[in-house]
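Some notes on the structure that comes next.
The values are calculated or read from the model by the stated rules, or taken from the named source; none is laboratory data. Please read all numbers here as calculations on a predicted model, not as lab measurements. Quick reminder, even Gly has a Cβ in these numbers, built from the backbone with ideal geometry, and neighbours come from all protein chains shown.
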Amino acid sequence: MKLPSRIVLLAWFLIFALASLTGQQKWVIGMSQCNLGEPWRVQMNADIRKAAAENPALTVIFKDAQNDTLKQRAHVEEFVNARVNLLIISPKEAAPLTAPVADAFRKGIPVVVLDRRVLGNEYTCFIGADNKRIGQAAGRWIAAKLGDRGQVVELKGLMTSTPGQDRHSGFVEGIRGTGIEVIFEADMKWLEPNARKEMESALAVHKKIDLVYAHNDPGAHGAYLAAKAVGRDKEMLFVGIDALPQEGQMYVRQGIVAASFEYPTGGREAVDSAVRILGGKRVPKEVTLPSRVFTSENIDKGGEWLDIKAAGK
Ligand code: FRU
């Protein structure tokens, strides 16, 4: 054996011996974030970073796909090629990210899917709040607020992502049997500028709008800005989802949004699950995070938890 390869071998031996002596095994987690354009995703990364910083064995490498599905596919492949110990992914869209996630999983890399789903079940676990339940709760809250009748605009999240689909179908269930009428609906793809534009169209066509149900708080805020620009913001209510303290909850305090439904980022829970998986422990395939609703009446008391039993679960 030539000298350099002996030295390399010795170095590896020393690293492993040291790691086992100190018990300091190092884990590298790849985190594939679909975009960082909205405060909610910045918060998710911050939650992951904070939770991971509490565990010296963890290093997290973040990649931001900037809302580009192809870029996110490439990021997942890069993490697989780099042989990260575990992958956390918050996928932009379900179908196109399914194959790369399944590929990582089949190659033995545990995958924690966070917030938006992929199709099938080739991943280690999914963590997120129940979007269908949130949509239902929003529908019921809106029906009660409007006295079971009224004209509503629905500004949907990206309909190729599962939260958009579930927040819509849940809402439809929530208003079923009432006199609530959805007079305008559009896919604003989670983005405030799109929501504003779609709302301008809704305002141009409809002389009476009682409420805007937006699938996230940026959407509700975009709709509010459009209505305010034509002096119609006081005619209607705005409801959103996410309820970050610095966003939705602030809009509730400012009287811009009538209700915001919490959608926790799950960042800390993802790191907790990752640590369990890396430690060889089993984790549940599905972790459902709880959610609260914030309104002007309950915000000072910390909001109100959604009743899971009311959803028939
Ligand atoms: C951010 C976001 C949130 C929303 C979540 C759904 O990109 O649009 O506002 O709740 O994604 O996945």
**Q.** Any hit, the range 271-282, residues being farther than 18 Å from residue 127 by Cβ, more than 15 Å from the chain's Cα centre (by Cα) and surrounded by fewer than 17 Cβ atoms within 10 Å (Cβ to Cβ)
**A.** yes
Q) assigned to a loop (DSSP other than H, G, I, E, B), away from the ligand (no atom under 16 Å from the Cβ) and either within 12 Å of residue 274 (Cβ to Cβ) or free of Cβ contacts under 8 Å to residues at least 60 places away in the same chain (or both), is that true of residue 83? A) yes
Q | Filter result for residue 189 (free of Cβ contacts under 8 Å to residues at least 12 places away in the same chain, not assigned by TED's automatic domain parsing to the domain that holds residue 90 and not in a helix (DSSP H, G or I)) | A | no
Q. Is it the case that some residue within the range 217-234 is in a strand (DSSP E or B), under 20 Å from residue 165 (Cα atoms) and not hydrophobic (A, V, I, L, M, F, W, C)?
A. no
Q: Output the qualifying pairs, or none if there are none: Cβ atoms under 7 angstrom, residues six or more apart or on different chains, first residue in the range 32-44 and outside the structural domain of residue 248 (by TED's automatic domain parsing) and touching a residue at least 60 places away in the same chain (Cβ under 8 Å), second residue near the ligand (Cβ under 7 Å from one of its atoms) and of a type in the set (D, E, K, R).
A: 40/242
Q: Go through the range 279-305 residue by residue and tally those that are in a loop (DSSP other than H, G, I, E, B) and either hydroxyl-bearing (Ser, Thr, Tyr) or modelled with pLDDT under 95 (or both).
A: 2
(Q) Just to check your reading of the model, which residue among 48, 61, 7 is modelled with pLDDT of 95 or more, outside any loop (DSSP other than H, G, I, E, B) and more than 15 Å from the ligand (Cβ to nearest atom)? (A) 61
Q) Which of the residues belonging to the range 118-152 are within 19 Å of the chain's Cα centre (by Cα), more than 19 Å from residue 293 (Cβ to Cβ) and assigned to a loop (DSSP other than H, G, I, E, B)? A) 118, 119, 120, 121, 123, 124
Q | Selection count where residues are within 23 Å of residue 26 (Cα to Cα) and either touching a residue at least 40 places away in the same chain (Cβ under 8 Å) or not assigned by TED's automatic domain parsing to the domain that holds residue 271 (or both), scope the range 61-77 | A | 2
Q: Give the residues of the range 221-266 that are over 17 Å from residue 131 (Cα atoms) and within 15 Å of the ligand (Cβ to nearest atom), sorted by residue number.
A: 221, 222, 223, 238, 245, 246, 247, 249, 250, 251, 257
